[in-house]
Amino acid sequence: MQIGIIAEGQSDQIAIEAIVQSYLNNKDIILDPLQPKEGESGGWPLVIKYCKSKDFKEALPYNEGLIIIHIDCDVLKGDGLPNDCVMQFNNLSNEETFEMVRQKFIEFITPEIFKTVEDKIVFAIAIDSIECWFLPIYYNQKSKQNKTTGCLNTLNTELVKKEGFYIDEKDEAKYRTISKHYFERKMIDRCYKTNESFKLFIDDFKRAFDNYEE
């Protein structure tokens with residue numbers, strides 16, 4: 001089975017790959033980094049640019065597997081965003097935030113094309129960032145496990161104690177160390193039960209995977 005990943009960076013791809021491998025109980029499954037390619041630069045603007053690209057849209061109907069699209073919601077809150085990226089998340093639930101960003105990406109892909117391929121598209125919309133998904137690994141308190149703001153600082157507090165490092169940049173080796181915890185299936189279940197953003201991703205992946213299997 002082919003699974004392509006469009007993500008902000010290679011560190012995000014590392015985390016998503018570990019989650020998918022554990023969820024499918026198949027550590028040999030190969031995930032294809034569509035954006036960024038290995039050794040290339042990343043960033044959220046390139047995720048959007050890729051989803052808007054003519055090459056991507058034309059290739060979508062012929063892709064035989066699933067495609068995971070990742071974005072961190074915090075990047076969509078800043079100043080100076082392009083007009084078509086501006087979103088207001090104030091007072092929205094996690095489900096509503098997920099759906100708002102999902103609809104925005106459908107616009108980027110175009111509704112007509114998306115309708116023909118929606119069964120194979122999976123949205124990994126991290127609220128507020130993918131670092132929030134790591135919190136259940138290191139915290140037992142429900143209030144920390146389901147945080148959606150300030151996750152990097154909260155994560156770093158425990159990383160220093162338990163891993164001997166903290167994240168100050170997108171260091172792939174550090175993200176690989178953290179992501180290894182996902183290889184325990186019970187950790188996937190723990191994150192699913194305690195982090196709503198993580199659950200939304202897994203539910204969307206399960207929907208697409210079940211359709212693929214049929």
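The values are calculated or read from the model by the stated rules, or taken from the named source; none is laboratory data. Everything numeric here is computed off the predicted structure, so don't read it as measured data. Note: ideal-geometry Cβ built from the backbone for every residue, glycine included; neighbour counts use all protein chains shown. Side chains included, ligands, DNA and RNA excluded: accessible areas come from the protein's heavy atoms. Shrake-Rupley method; radii C 1.70, N 1.55, O 1.52, S 1.80 Å.
Could you work out how far helix 185-194 tilts from the main Cα principal axis of the chain, as a 0 to 90 degree angle to the nearest 10?
90
Over the chain, with every protein chain in place, what whole percent of the accessible area is carbon and sulfur at 1.4 Å, could you tell me?
Carbon plus sulfur share of accessible area: 47 percent.
Along the three principal axes, how long is the range 129-212 when you take its alpha carbons, biggest first, rounded to the nearest angstrom?
The Cα atoms of the range 129-212 stretch 41, 27, 21 Å along their principal axes.
Using the heavy atoms of the protein chains and a 1.4 angstrom probe, tell me the accessible area per residue for the chain in square angstrom.
The answer is 50 Å² per residue.
Please identify the cysteines of the chain that lack any partner cysteine with a Cβ under 4.7 Å from their own Cβ.
So, C51, C73, C85, C191.
What figure, in Å² to the nearest 10, do you get for the accessible area of S22 with a 1.4 Å probe and non-protein molecules left out?
Roughly 10 Å² of S22 is accessible to a 1.4 Å probe.
Can you tell me the orientation of helix 10-23 relative to the chain, as the angle in degrees between its alpha-carbon axis and the longest Cα principal axis, to the nearest 10?
The helix 10-23 is inclined about 90 degrees to the chain.
Cα to Cα, under 21 Å, and not fewer than 8 places away if on the same chain: which lysines meet these conditions relative to K142?
K161, K162, K186, K193, K199
Once the dipole of the chain is set up with Lys and Arg at +1 and Asp and Glu at -1 on Cβ about the Cα centre, which of F205, S129, F183 lies farthest towards its positive end?
F183
Among G9, I48, L159, which residue has its Cα positioned farthest towards the positive end of the charge dipole of the chain, with +1 placed on the Cβ of Lys and Arg, -1 on the Cβ of Asp and Glu, and the dipole taken about the Cα centre?
Highest projection toward the positive end goes to L159.
Counting only pairs 8 or more residues apart or on different chains, how many lysine pairs in the range 53-138 have their Cα atoms under 21 Å apart?
Eligible lysine pairs with Cα atoms under 21 Å apart amount to 9.
Dividing the Cα convex hull volume of the chain by residue count, how many Å³ per residue is that?
125
Which values of log₁₀ I(q)/I(0), to two decimal places, follow from the Debye formula for the range 1-79 at q = 0.12 Å⁻¹ with a uniform point scatterer at every Cα?
-0.35
Can you pull a Stokes-Einstein diffusion coefficient for the range 49-163 at 25 °C (0.890 mPa s), Rh from Kirkwood over Cα pairs, as a whole number of µm²/s?
D = 154 µm²/s.
Enumerate the aspartates and glutamates that K52 could reach by cross-link, defined here as Cα to Cα under 14 Å, with residues fewer than 8 away along the same chain left out.
Within reach: D84, E107, E112.
Counting Lys and Arg as +1 and Asp and Glu as -1, each charge on the Cβ, what is the dipole of the range 69-214 about the Cα centre in debye, to the nearest 20?
740
Apply the Karplus curve 6.51 cos²θ - 1.76 cosθ + 1.60, θ = phi - 60°, to the phi angles in the range 157-173 and return the couplings in whole Hz, x for Gly and Pro.
4, 8, 4, 4, 6, 9, 10, x, 8, 10, 9, 10, 7, 7, 7, 4, 4
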